[in-house]
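Below is one structure, written out as structure tokens, with a few remarks after it.
The values are calculated or read from the model by the stated rules, or taken from the named source; none is laboratory data. None of these values were measured; they are calculated from a predicted model. Note: accessible area is taken over every heavy atom of the protein model, side chains too, but ligands, DNA and RNA are not part of it. Shrake-Rupley method; radii C 1.70, N 1.55, O 1.52, S 1.80 Å.
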Amino acid sequence: MGFPQGSCSGPTLWNLVANEILQETWPENTAIQTFADDFVIVSHAPTKIKIENQIHAAIEKFINWANKNKLEISTGKTQYILFSKLTRPHGFDGKERQYKENTH
């Protein structure tokens, strides 16, 4: 699915598609924001386990929505940032993390 870049109706049609995921119910302390065709999932939690569970649930929901709408997620441009006063991510070695792509 896609919309012709530069078309008059493209932004409106995209807003209709994107609005669906923006209206979803997200895990506790988790939200999604968008600018044009870029999305960011923001979440906070008091423990590492809780933040991991929240983010994994949110990513799964986003992937399911993208698959349903025949949208491709650009994994090469996908990043995450962890802000923490407590610890660095366990096993952080600076290498790119691999995520399993959902190909339903």
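Net length available on complete extension from A36 to I59 is 6.4 nm, with 0.36 nm assigned per residue and the Cα-Cα distance removed. Given a 1.4 Å probe and the protein chains as shown, V40 ends up with an accessible area of around 70 Å². Stretched out straight at 0.36 nm per residue, the stretch from T78 to H44 would grow longer than its current Cα-Cα span by 10.3 nm.
With 0.36 nm allotted per residue and the present C-alpha distance subtracted, the L71-E28 stretch has 12.9 nm of extension available.
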